[in-house]
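> Below you will find the structure I want to go over with you.
What follows draws every value from the coordinates through simple rules; no lab data is involved. Computed from a predicted structure; not experimentally measured. Here the Cβ positions follow ideal geometry from the backbone for every residue, glycine too, while neighbour counts run over all protein chains shown.
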Amino acid sequence: MRSQLFDQKNMPSPSPDRWVLQSEKMLRVGLGPDVLAAKGAMVAYQGQMTFAHEGSGNLGRLMRRMVSSDDAPLMRISGQGHCYLARLAEYVFTLELEGDAITIGGARILAFDASLNWDIRRVQGAGAMMSQGLFNTLIEGRGTVAITTDGAPLVLDCSQHPVFIDPQAVICWSANLTPSVVNSMNLRSMLRGGSGENFQLAFHGPGFAIVQPSEGAPLPPAGGGGLGGLFG
């Protein structure tokens, strides 16, 4: 049988690395040490491995997940072999943490080394003007994090000038940055139905923020998930 499907680019990568971009929209992870991944992200695997729900781990994290709209369910992948991960044909990128940290929207996390520390944190300064506050996932330590973006992303340097980003379009940012919330709505705009661009996150300082060319699906109300799946 002959087909362009059998081109080398469509075959498993020969790279011996643990984290490999099989394509711009699919990730291959070599198992040995455990991996935490978004539930449902596995599309194929080779070898022997198990998939188990990853709970909150401690009471503090449990309580933050209960009130947060950033609660992205995770699974723990254990075993030996290669696991292929993807989500909705979104673009996949990996970040190598070298003792530093990054804050990421939970819905943008594809996978990360289970040895990394993670927690759900309230974004400082974002609670006063956004009724339910804003929560993101902080990941820190040494290891690899894989994220997805809905379209080709833009990386913005926040060190020279303030950067203003729609909260639903931001993917992640340097953990040392503390965003503030800017309200661009005025009375005249409100009377005319608004602009649809009411709040932005403002970043300024040494670091970067990554933006996707999409606002994604509307965010669910905070706490809407209740306790479902947190203990299992």
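> Amide H to amide H, which residues 5 or more places from Ile171 or on other chains are under 5 Å from it, using H placed in the peptide plane?
Ile210, Val211, Gln212
> Per residue of the range 75-84, what does 6.51 cos²θ - 1.76 cosθ + 1.60 with θ = phi - 60° give for ³J(HN,Hα)? Whole Hz please, x for Gly and Pro, Karplus curve as stated.
So the J values, rounded to whole Hz, are 10, 9, 9, 10, x, 9, x, 10, 10, 9.
> Still on this structure, I have one more. Quick one: if the Förster radius is 41 Å, what FRET efficiency do Ser15 and Val155 give, using the C-beta to C-beta distance and rounding to 0.05?
The calculated FRET efficiency here is 0.95.
> Pull up all non-local amide H partners of Ala101: gap of 5 or more, or a different chain, and H-to-H distance under 5 Å with H placed in the peptide plane.
Here Ala175 satisfy the definition.
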